[in-house]
1. Which condition from (1) more than 22 Å from residue 258 (Cα to Cα); (2) in contact (Cβ under 8 Å) with a residue 60 or more places away in the chain; (3) in contact with a strand residue (DSSP E or B) (Cβ under 7 Å, 6 or more places away or on another chain) is the one that residue 101 breaks?
2. Can you pull out the residues in the range 22-37 that are touching a strand residue (DSSP E or B) at 6+ places or on another chain (Cβ under 8 Å) and either over 25 Å from residue 101 (Cα atoms) or assigned to a loop (DSSP other than H, G, I, E, B) (or both)?
3. Return the residues of the range 56-94 that are under 25 Å from residue 219 (Cα atoms) and in a strand (DSSP E or B); say none if nothing qualifies.
4. Which of the numbered conditions does residue 116 fail, given that it passes all the others? Conditions: (1) without any contact (Cβ under 8 Å) to a residue 24 or more places away in the chain; (2) under 13 Å from the mean Cα position of the chain (by Cα); (3) part of a loop (DSSP other than H, G, I, E, B).
5. Could you tell me whether the range 132-149 includes any residue that is touching a helix residue (DSSP H, G or I) at 6+ places or on another chain (Cβ under 9 Å) and more than 14 Å from residue 193 (Cβ to Cβ)?
6. Would you pick out the residues in the range 126-140 that are crowded, with 17+ Cβ neighbours inside 10 Å and within 15 Å of residue 189 (Cα to Cα)?
7. Check whether at least one residue in the range 147-155 is surrounded by fewer than 19 Cβ atoms within 10 Å (Cβ to Cβ), part of a helix (DSSP H, G or I) and either touching a residue at least 24 places away in the same chain (Cβ under 8 Å) or out of contact with any strand residue (DSSP E or B) (no Cβ under 9 Å at 6 or more places or on another chain) (or both), and report yes or no.
8. Only one of 52, 14 is modelled with pLDDT under 90 and more than 27 Å from the chain's Cα centre (by Cα). Can you tell me which?
């Protein structure tokens, strides 16, 4: 009878543990690092980056940054930057060669998260054919349409378009590892399927990475909308959501194109945790 009671208690405890959220059991260590994915360029932002003609004469140094997230033994690469043959803004060192500095090979990247389909964020995606692509459905539809959307960088996705690689076309948010530490956030407007990224670090705290939801501090602070965005209303709604999330999470905001944010995260192979 005593033995049966012990077995019953063991099975009950096992069932309770199995029912707990993953985060309540054991959350793998998460780290975040920056990769240089292009050569900085000085931009006259008044010409294209405000549909209300703001910032007359303002020039902003644009960077091209990508990010590597380690979750336990798994890796997610956020954006892939300019192609190596992109001319003046091309990176000096490829993403693959930067990863090699930390003894990482392309086949170790489990996911490549794409903020949106423009060439300065997708130029090296073909270097990771074994990765599962995470991209907004609106952007994927724009890439694969008989007449692709203006600005969609189609060629690097040939492997996935042909069905040779794994891909998830996201209609909303995506909790990548199922424990809330890495979440791809639906922020349409710049493009139809644009997404941003939330990374929750134990020491540094929460980090929100914009993609191209906004391009520089002045536009972020004033809810500025570039004239070439896909949808003005969606952009403003996404900015509102993002800013409220940043405030509620007390998050560090990283604007991917703003050189003033480069030092907020360490360059790989160093990491923030």
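The values are calculated or read from the model by the stated rules, or taken from the named source; none is laboratory data. Bear in mind that the values here come from a model prediction, so they are computed numbers and not experimental data. Virtual Cβ from ideal backbone geometry, glycine too; neighbours counted across all protein chains shown.
1. Result: residue 101 fails condition (3) only.
2. Correct list: 28, 29, 37.
3. 59, 60, 61, 62, 65, 66, 67, 78 - these are the residues of the range 56-94 that are under 25 Å from residue 219 (Cα atoms) and in a strand (DSSP E or B).
4. Residue 116 satisfies all of (1) without any contact (Cβ under 8 Å) to a residue 24 or more places away in the chain; (2) under 13 Å from the mean Cα position of the chain (by Cα); (3) part of a loop (DSSP other than H, G, I, E, B) except (1).
5. Checked against the condition, which is being touching a helix residue (DSSP H, G or I) at 6+ places or on another chain (Cβ under 9 Å) and more than 14 Å from residue 193 (Cβ to Cβ), the range 132-149 yields no hits at all.
6. The answer is 135, 136, 138, 139, 140.
7. Within the range 147-155, one or more residues are surrounded by fewer than 19 Cβ atoms within 10 Å (Cβ to Cβ), part of a helix (DSSP H, G or I) and either touching a residue at least 24 places away in the same chain (Cβ under 8 Å) or out of contact with any strand residue (DSSP E or B) (no Cβ under 9 Å at 6 or more places or on another chain) (or both).
8. None of the others qualify; the one that does is 14.
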